[in-house]
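**Student:** My questions all concern the structure below.
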Amino acid sequence: MGSGKLETGELEQMVFPHFGVRRREVVLRAAVGEDSCALDLGGDLVVMTTDPITGADKDGGWLAVQVSCNDLVSNGAEPVAVLLTVMLKDGSGADQAGEIMASAHRAARELEIEIIGGHTEITAGLNMNIISVTAIGRADRKNLLKATDVRPGDQMVLTKGAGIEGTAIFCLDYPEACREILGDRLLEQGQSMARDISVVPEARLAASLGVHAMHDVTEGGILGAAFEMGRAAGLGIVLERERILIRESTGLLCRELSLDPLKLISSGSLLIASPEGETLVRELGQAGIPAEVVGRFTTEDQMILRGPDGDRPIGAPSGDELWPGRARLARWSRDAEEKNCITK
């Protein structure tokens, strides 16, 4: 198996059958296409999610907190607190834990949430740091958004475009290799995309306008998220490739590295099922958030990506372009260093 989360079929066969006893307090259960779970313990619903960060070196604590809270707001919840498990690779020191926590603290302050606990250790056998976040939020029952509430004919709105997180990771973790590919201007554009990782503003606005469901775009990129959303809703989808925003830095990096930008991890992008997609796009635009209607949900038993060369089926996500992209940039960096050594 390659790196990344398990495929949909593997999850349904190997993971989903083993969930213990079904409790009446659970009102939103684990499912492909759902970002969080929800518990009714009296009063507001308790909404929870968990996510690891494994493919980012720069500012990993900030990124981990942001992407976990993205999951909560995608289900209509207000983030309240997080717990962090920080597993440091062999050879790390306590100073690296301090750097990660300072980074996470900055994200928590931006989101006005509290870090309420967790676990920190140096873990034998790890060759990269792993930061796992459990995020906790609250929601009124009537405001909880679920993928099963999507209806045929709903429009699919995408905010901010494709490959946001992946582009930022490439440009922050491999700046010299990316500078050689992109030049200074586009490298700066790619690095600045880290500031777009949060979907909290658009999720709050969309929820206030009566959308049916939202899904945070993470591993598997736009195609993976669209598939998961359609699968959870039990509906078909038609996705229009030409309507999906791909920023210049993302497009050039993906061309040079032979990657598909629609399969590149994209925290910072939000897929929204709305009965009034064009109205939602206008409202988001007025708030300074770029968005576009990129498709629709159908009663057909198929998921299609429509492009200038015709239609092709959208399958279950299988890995993410982040990993081959990192490997190619690492080789690019090593080759450049060897070339410099020979020149010197």
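**Student:** With point charges of +1 on the Cβ of Lys and Arg and -1 on the Cβ of Asp and Glu, referenced to the Cα centre of the chain, which listed residue (W62, P152, A135) lies farthest in the positive direction of the dipole?
**Tutor:** Farthest along the dipole direction, towards plus: P152.
**Student:** Something else now. For the stretch 268-289 and the stretch 229-263, write down the distance between their C-alpha centroids in whole Å.
**Tutor:** Taking the Cα centre of the stretch 229-263 as reference, the centre of the stretch 268-289 is 17 Å away.
**Student:** In addition: If I model a spin label as a point 7 Å beyond the Cα along the Cα-Cβ vector, how far apart are those points for T279 and T50 in nm?
**Tutor:** Between T279 and T50, the label points sit 4.0 nm apart.
**Student:** If you roll a 1.4 angstrom probe over the protein chains with everything in place, what fraction of the accessible area of the stretch 156-231 belongs to carbon and sulfur, to the nearest %?
**Tutor:** Of the solvent-accessible surface of the stretch 156-231, carbon and sulfur hold 46 percent.
**Student:** Charges at C-beta only: +1 for Lys and Arg, -1 for Asp and Glu. How large is the resulting dipole of the stretch 1-96 about its Cα centre, in Debye rounded to 20?
**Tutor:** Computed charge dipole of the stretch 1-96: roughly 260 debye.
**Student:** With a ≥ b ≥ c taken as the square roots of the eigenvalues of the C-alpha gyration tensor of the stretch 6-70, please select rounded if a/c is under 1.5 and otherwise prolate if a/b is larger than b/c or oblate if it is not?
**Tutor:** Judged from the Cα gyration tensor, the stretch 6-70 comes out oblate (a/c at least 1.5, b/c at or above a/b).
**Student:** Please list, ordered by chain and number, the residues whose modelled amide H lies under 5 Å from the amide H of A81; skip anything fewer than 5 residues away on the same chain.
**Tutor:** Close amide H contacts, sequence-distant or interchain: E114, I136.
**Student:** A follow-up question, please. Determine the per residue accessible area of the chain with all protein chains present and a 1.4 angstrom probe, expressed in square angstrom.
**Tutor:** Value for the chain: 47 Å² per residue.
**Student:** How large, in percent, is the carbon and sulfur part of the accessible surface of the stretch 1-102 at a probe radius of 1.4 Å?
**Tutor:** Ligands and nucleic acids excluded, carbon and sulfur give 54 percent.
**Student:** Residues in the stretch 262-293, backbone N under 13 Å from the label point at D149 (7 Å along the Cα-to-beta-carbon vector): list them, ranges by number please.
**Tutor:** 273-275
**Student:** A further question on this structure: In the chain, what is the count of Lys pairs whose alpha carbons are under 23 Å apart, counting only pairs at least 8 residues apart or on separate chains?
**Tutor:** So the count of such lysine pairs works out to 9.
**Student:** Right, here's the next one. Extension gain E110-R312, at 0.36 nm per residue separation less the Cα-Cα distance, in nm?
**Tutor:** Here the segment from E110 to R312 would lengthen by 68.6 nm.
**Student:** If you take the square roots of the eigenvalues of the alpha-carbon gyration tensor of the stretch 79-202 and sort them as a ≥ b ≥ c, do you get rounded (a/c under 1.5), prolate (a/b over b/c) or oblate?
**Tutor:** It comes out oblate by the Cα gyration axes.
**Student:** When the expected Rg is taken as 2.2 N^0.38 Å, what fraction or multiple of it is the alpha-carbon Rg of the stretch 214-344?
**Tutor:** Against the empirical 2.2 N^0.38 Å value, I get 1.27 for the stretch 214-344.
**Student:** Calculate log10 I(q)/I(0) of the stretch 1-111 for q = 0.10, 0.19 Å⁻¹, where I(q) comes from the Debye formula with a single equal point scatterer on each Cα and nothing for solvent.
**Tutor:** Results for the stretch 1-111 at q = 0.10, 0.19 Å⁻¹ read -0.39, -1.11.
**Student:** Under the rule of -39500 (n - 2.57) per DSSP H run of 4 or more residues, summed and divided by the residues of the chain, what mean residue ellipticity at 222 nm is obtained, to the nearest 500 deg cm²/dmol?
**Tutor:** -11500 deg cm²/dmol
**Student:** Amide H to amide H, which residues 5 or more places from L28 or on other chains are under 5 Å from it, using H placed in the peptide plane?
**Tutor:** Under 5 Å from the amide H of L28: A38.
**Student:** Please report the projected area of the stretch 146-246's Cα convex hull averaged over all directions, in nm².
**Tutor:** Average projection, Cα convex hull of the stretch 146-246: 7.2 nm².
**Student:** Right, another one. [x] 1.26; [y] 1.00; [z] 0.97: which one is Rg/Rh (Cα atoms, Kirkwood Rh) as calculated from this entry?
**Tutor:** Matching the structure shown: [z].
**Student:** Next question. Run the paramagnetic zone check for R195: 7 angstrom along Cα to Cβ, then residues of the stretch 245-269 with backbone nitrogen under 17 Å.
**Tutor:** Those under the cut-off are 247-250, 268-269.
**Student:** By how many nm would the segment from R23 to S258 lengthen if fully extended, with 0.36 nm per residue of separation less the alpha-carbon distance?
**Tutor:** My answer for the length gained is 80.0 nm.
**Student:** Ok, one more. Which cross-chain or sequence-distant (5 or more) residues have an amide H under 5 Å from the amide H of G295, H modelled 1.01 Å from N in plane?
**Tutor:** Correct list: M156, E240.
**Student:** Which one, L284, A31, P317, is farthest towards the positive end of the dipole of the chain when Lys and Arg carry +1 and Asp and Glu -1 on their Cβ?
**Tutor:** About the Cα centre, the residue reaching furthest to the positive side is A31.
**Student:** Taking the simple approach of a point 7 Å from Cα along Cα-to-Cβ for both L41 and E300, what is their distance in nm?
**Tutor:** 4.5
The values are calculated or read from the model by the stated rules, or taken from the named source; none is laboratory data. Remember, it's a predicted structure, so these values are computed and weren't measured experimentally. Cβ: placed from backbone, ideal geometry, glycine included. Neighbour counts: every protein chain shown. The protein model used for the area step is the full one, side chains on, heavy atoms only, and it has no ligands, DNA or RNA in it. Shrake-Rupley method; radii C 1.70, N 1.55, O 1.52, S 1.80 Å.
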